[in-house]
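Some notes on the structure that comes next.
Taken together, the values in this text are just the output of simple stated rules run on the coordinates, not laboratory data. Just so it is clear, the structure is predicted and the values come from calculations on it, not from any experiment. Cβ sites come from the backbone with ideal geometry, for glycine too, and all protein chains shown count toward neighbours.
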Amino acid sequence: MMHQNGRKKLNVKSAHRKALLRNQAIHLIKFGILQTGKVQAKAVQRFVEKIVTAARVGYDFNTIRRIKQLLPYDDSAVTKLIKEIAPKYVSRPGGYTRVIPLGTRVSDTAPIARLEWV
């Protein structure tokens with residue numbers, strides 16, 4: 001847990017960071033896998049875990065509004081999250097995703113990781 005530590009800023013402004021996390025979360029929901037930098041993967045993991053916890057309630061009006069507020073770009077990702085992904089994790093108390101380190105990128109030696117569903 002990150003008590004009293006704020007959040008990772010990812011070296012971008014807040015609006016860009018918000019859009020980045022949303023787009024990468026949508027990619028993870030649509031394709032089931034996300035390959036990116038390790039720090040970004042951990043940031044997306046925190047974001048997605050909160051969304052899945054909210055979506056576990058089921059397909060009702062308030063849940064849809066709450067998830068669409070966090071992921072406003074893509075309605076198909078919202079419905080897939082609520083109808084297909086979240087029901088798998090109803091009995092699980094957390095830890096819906098895993099980060100697998102993949103080594104470093106050749107061009108700039110940045111650590112790369114894969115984020116996937118458990």
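The single condition from (1) touching a strand residue (DSSP E or B) at 6+ places or on another chain (Cβ under 9 Å); (2) surrounded by 13 or more Cβ atoms within 10 Å (Cβ to Cβ); (3) among the aliphatic types (A, V, I, L, M); (4) without any contact (Cβ under 8 Å) to a residue 40 or more places away in the chain that residue 78 fails is (1). Out of the residues in segment 60-75 that are in contact (Cβ under 8 Å) with a residue 24 or more places away in the chain and in contact with a helix residue (DSSP H, G or I) (Cβ under 7 Å, 6 or more places away or on another chain), state the one that is surrounded by the most Cβ atoms within 10 Å (Cβ to Cβ). In this case the residue turns out to be 71.
Of the residues that sit in segment 93-106 and are within 17 Å of the chain's Cα centre (by Cα) and assigned to a loop (DSSP other than H, G, I, E, B), which one is surrounded by the most Cβ atoms within 10 Å (Cβ to Cβ)? Taking the candidates together, the pick is 96.
Within segment 81-92, restricting attention to residues that are of a type outside the set (Val, Ile, Thr) and either farther than 15 Å from residue 29 by Cα or surrounded by fewer than 18 Cβ atoms within 10 Å (Cβ to Cβ) (or both), the residue that is farthest from the chain's Cα centre (by Cα) is 91. Flag set for residue 51, criterion: under 21 Å from residue 116 (Cα atoms) and among the aliphatic types (A, V, I, L, M). Among the residues making up segment 82-91, those that are closer than 12 Å to residue 58 by Cβ and either charged (D, E, K, R) or touching a helix residue (DSSP H, G or I) at 6+ places or on another chain (Cβ under 8 Å) (or both) are 82, 83, 86. Every condition in (1) surrounded by 13 or more Cβ atoms within 10 Å (Cβ to Cβ); (2) of a type in the set (Gly, Ala, Ser); (3) touching a residue at least 24 places away in the same chain (Cβ under 8 Å) is met by residue 54 except one, and the failing one is (3). Just one of the numbered conditions (1) touching a residue at least 12 places away in the same chain (Cβ under 8 Å); (2) acidic (Asp, Glu); (3) in a loop (DSSP other than H, G, I, E, B) is not true of residue 116: (3).
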